[in-house]
1. Which of the following residues is more than 25 Å from Glu132 (Cα to Cα), of a type in the set (Asp, Glu), touching a residue at least 40 places away in the same chain (Cβ under 8 Å) and out of contact with any Asp or Glu (no Cβ under 7 Å at 6 or more places or on another chain): Asp19, Asp51?
2. Could you check, for the stretch 54-72, whether at least one of its residues is at positive phi and either in a helix (DSSP H, G or I) or at pLDDT 90 or above (or both)?
3. Give the residues of the stretch 129-160 that are farther than 14 Å from Asn32 by Cα and out of contact with any strand residue (DSSP E or B) (no Cβ under 8 Å at 6 or more places or on another chain), sorted by residue number.
4. How many residues are in contact with a helix residue (DSSP H, G or I) (Cβ under 9 Å, 6 or more places away or on another chain), in a loop (DSSP other than H, G, I, E, B) and either surrounded by fewer than 18 Cβ atoms within 10 Å (Cβ to Cβ) or not aliphatic (A, V, I, L, M) (or both) if we restrict to the stretch 130-145?
5. In the stretch 64-77, is there at least one residue being within 16 Å of Met11 (Cβ to Cβ) and either touching a strand residue (DSSP E or B) at 6+ places or on another chain (Cβ under 9 Å) or assigned by TED's automatic domain parsing to the domain that holds Ile137 (or both)?
6. Exactly one of these conditions fails for Asp105: (1) closer than 27 Å to Pro28 by Cα; (2) surrounded by fewer than 11 Cβ atoms within 10 Å (Cβ to Cβ); (3) at pLDDT below 75. Give me its number.
7. Those residues that are among the charged types (D, E, K, R) and either surrounded by 17 or more Cβ atoms within 10 Å (Cβ to Cβ) or closer than 18 Å to Ile153 by Cα (or both), I need them from the stretch 25-50; list them, please.
Amino acid sequence: MNDLPAEQTWMILVDLLADLRKKGMEIPSGLNQDIQMAKTTINFYKVDPTDPERMKELKRINDFLTSVQNTLLTIAESLGEEYQDIWFEKLKKASIGKQVYKIPDKKPRFVVGAPSSFSMARLTFKEPILEERLHDIAEYHNVIIEFEEDNVIILYGSKENIKKSLKELSTFFNEQN
């Protein structure tokens, strides 16, 4: 399946989020969760875009992305109009279906390559992990945690933040013995 404009938009927003964090900007809590939900919903839709039930998810995808985009562009504006315009141009290209980032062609293993400024790690647990337990770790260490399956998660973030998150997540393995 070809890339969706929403997928390109998601990649741009994740890259913008990483850049804003690098610049020391404060990111509202809950934004990571919205980005995670957008990606999860995009992946759910991509499994079978002809399924009428999955088609209903397009509005949710758009709502998540619009909310995140508005928040991040407002933060970007505080760094100057030129900075904001760079990201606005990328988002504009994505909205008309132009490719801004190369997305690896993978079948639904639900992992799209991390944006250039992000690293990625995948963890598989013996048993499912409750999502609520991971949100604090994601917020505290500035990473995005996406569920691939009930017992498989993917972390996106800076290499250093992923290392810190993995240390904290290692305690979950001890609980599952």
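1. Asp19
2. In the first step, residues of the stretch 54-72 are kept if they are at positive phi; the result is none.
No, because not a single residue in the stretch 54-72 is at positive phi and either in a helix (DSSP H, G or I) or at pLDDT 90 or above (or both).
3. Selection gives Leu130, Arg133, Glu149, Asp150, Glu160.
4. 1
5. Within the stretch 64-77, none of the residues are within 16 Å of Met11 (Cβ to Cβ) and either touching a strand residue (DSSP E or B) at 6+ places or on another chain (Cβ under 9 Å) or assigned by TED's automatic domain parsing to the domain that holds Ile137 (or both).
6. (1)
7. First, pick out the residues of the stretch 25-50 that are among the charged types (D, E, K, R): 26, 34, 39, 46, 48.
The answer is Asp34, Lys39, Lys46.
The values are calculated or read from the model by the stated rules, or taken from the named source; none is laboratory data. Remember, it's a predicted structure, so these values are computed and weren't measured experimentally. Cβ atoms come from the backbone with ideal geometry, glycine included; neighbour counts cover every protein chain shown.
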